[in-house]
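The values are calculated or read from the model by the stated rules, or taken from the named source; none is laboratory data. From a predicted model like this one, the values you see are computed outputs, not experimental measurements. FYI the Cβ positions are ideal-geometry reconstructions off the backbone, even for glycines, and counts take in every protein chain you see.
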Ligand code: NAD
Ligand code: IPM
Ligand code: MN
């Protein structure tokens, strides 16, 4: 029997609460299916760990994680530890260290999910954002000069390599081709005359191999406007690391909120484990109160099942979330309900068992 070994980094704030529900769902599915099992190994890494040990994860953290089939991550970051220290020391270290260069973020309005836009239905918001996840604006190359003086300077350099741009753009073209969808390139070449001009050139170059894929290109500012005014124009979207970060929070806002937005950090070659997580953070404003919506974390379980080749179960999890949203019996407060975080996993499993 196939046994999936999953490293769990529940992390900070609402991380542990939402991850607990995702684990319940994944364990339940393995039981229902019978042909595979899951084995979780929990790692206590995060901000509390940092305050005790002076590091977000052990020095050999990546080595400890490298033989797992997947990583399931909650959220990282909490007041008391500077965000650059906590995120650079854990989440971003894993994304970069395991060359998880694809960040796949569905922006899909499920049946029953609330939408703040007027005259919009499920068929109008159904896209996948392919976010570059290993370099770009997040390469964290730079310097601080003359600290504490009047001449103080901060430099932050974007790193756009041919290989790095090409592989994510090609991935997006392949996805668009496979699914028969359009591809929108989001960039900003009018202001970023080196990085984004290069990015657009590579988009055009790679496109020569995909004559069947219908493409369009937008500046990120205009794209943000169209996410709100005309989201149906987007199907597959490809963009850089920072732009992808920002537009997927906007995507979450139009598709049910932060509690319903998942993301997969993929190393497509499977040389390293991939990592599955909700895209929201540790939400200190609601932590420890049972208020967090774990459906994004449960959606990332669906992405993990897809990645393992159990697309049938991946689809069933999404359908179960839709049933839960439509029945409105067991929803957390962000979706207008009174249920607790810890009620949701069992409710999803109950639907899956029907
Ligand atoms: P956030 O996503 O944690 O919260 C933004 C808002 O959305 C808050 O009002 C929060 O209550 C709400 N929210 C988020 N997730 C929710 C859920 N599941 N259910 C209901 N409401 C939810 O963003 P932030 O406040 O900017 O960041 C808080 C901390 O998390 C910071 O330290 C930040 O660096 C970190 N962060 C981590 C990740 C990650 O680990 N992937 C992602 C984003 C932010
Ligand atoms: C996300 C988060 C991270 C990012 C932060 C916490 C570094 O916002 O996963 O969207 O910007 O990638
Ligand atoms: Mn983000």
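For residue 272, are the conditions met, namely being within 16 Å of ligand 1 (Cβ to nearest atom), in contact with a helix residue (DSSP H, G or I) (Cβ under 9 Å, 6 or more places away or on another chain) and at negative phi?
For residue 272, the condition - within 16 Å of ligand 1 (Cβ to nearest atom), in contact with a helix residue (DSSP H, G or I) (Cβ under 9 Å, 6 or more places away or on another chain) and at negative phi - is not met.
Could you list, in sequence order, the residues of the range 194-216 that are exposed (fewer than 15 other Cβ atoms within 10 Å of the Cβ) and either not assigned by TED's automatic domain parsing to the domain that holds residue 238 or not in a helix (DSSP H, G or I) (or both)?
Hits for the range 194-216 are 194, 208, 209, 211, 212, 214, 216.
Can you tell me which of 168, 128 is within 21 Å of residue 216 (Cβ to Cβ), in a helix (DSSP H, G or I) and touching a strand residue (DSSP E or B) at 6+ places or on another chain (Cβ under 6 Å)?
168
Have a look at 96, 105 and point out the one that is in contact with a strand residue (DSSP E or B) (Cβ under 6 Å, 6 or more places away or on another chain) and under 24 Å from residue 241 (Cα atoms).
From the options 96, 105, the qualifying one is 105.
Would you check if there is a residue in the range 211-226 being closer than 25 Å to residue 87 by Cβ and more than 22 Å from the chain's Cα centre (by Cα)?
Within the range 211-226, not a single residue is closer than 25 Å to residue 87 by Cβ and more than 22 Å from the chain's Cα centre (by Cα).
Under 6 Å by Cβ, and 6 or more places apart or on different chains, what pairs join a residue from the range 274-291 that is within 30 Å of residue 67 (Cα to Cα) with one that is part of a strand (DSSP E or B) and within 6 Å of ligand 1 (Cβ to nearest atom)?
281/75; 282/75
Looking at residue 91 and the list (1) at positive phi; (2) under 17 Å from the mean Cα position of the chain (by Cα); (3) within 16 Å of ligand 1 (Cβ to nearest atom), which single condition is not satisfied?
(1)
Just give me the residues in the range 143-165 being under 27 Å from residue 101 (Cα atoms) and either touching a helix residue (DSSP H, G or I) at 6+ places or on another chain (Cβ under 6 Å) or part of a strand (DSSP E or B) (or both), in sequence order.
Of everything in the range 143-165, those that are under 27 Å from residue 101 (Cα atoms) and either touching a helix residue (DSSP H, G or I) at 6+ places or on another chain (Cβ under 6 Å) or part of a strand (DSSP E or B) (or both) turn out to be 143, 154, 155, 156, 157, 158, 159, 160, 165.
Is it the case that the range 222-238 has a residue that's within 16 Å of ligand 2 (Cβ to nearest atom), out of contact with any helix residue (DSSP H, G or I) (no Cβ under 7 Å at 6 or more places or on another chain) and under 24 Å from residue 296 (Cβ atoms)?
yes
Sort through 295, 331, 352 and tell me the only one that's over 22 Å from residue 101 (Cα atoms) and within 10 Å of ligand 1 (Cβ to nearest atom).
295
Residue-wise test of (1) over 12 Å from the mean Cα position of the chain (by Cα); (2) in the same structural domain as residue 220 (by TED's automatic domain parsing); (3) more than 16 Å from ligand 2 (Cβ to nearest atom).
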| position | (1), (2), (3) |
| --- | --- |
| 262 | no, no, no |
| 284 | yes, no, no |
| 293 | yes, no, yes |
| 309 | yes, no, yes |
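What's the number of the only condition in (1) without any contact (Cβ under 8 Å) to a residue 24 or more places away in the chain; (2) crowded, with 24+ Cβ neighbours inside 10 Å that residue 314 fails to meet?
Only one criterion in (1) without any contact (Cβ under 8 Å) to a residue 24 or more places away in the chain; (2) crowded, with 24+ Cβ neighbours inside 10 Å is unmet by residue 314, namely (2).
Hand me the list of strands (runs of 3 or more DSSP E) wholly inside the range 1-77 holding 2 or more residues that are buried (at least 24 other Cβ atoms within 10 Å of the Cβ) and within 16 Å of ligand 2 (Cβ to nearest atom).
Once the strands (runs of 3 or more DSSP E) in the range 1-77 are filtered for at least 2 residues that are buried (at least 24 other Cβ atoms within 10 Å of the Cβ) and within 16 Å of ligand 2 (Cβ to nearest atom), what remains is 2-11, 70-75.
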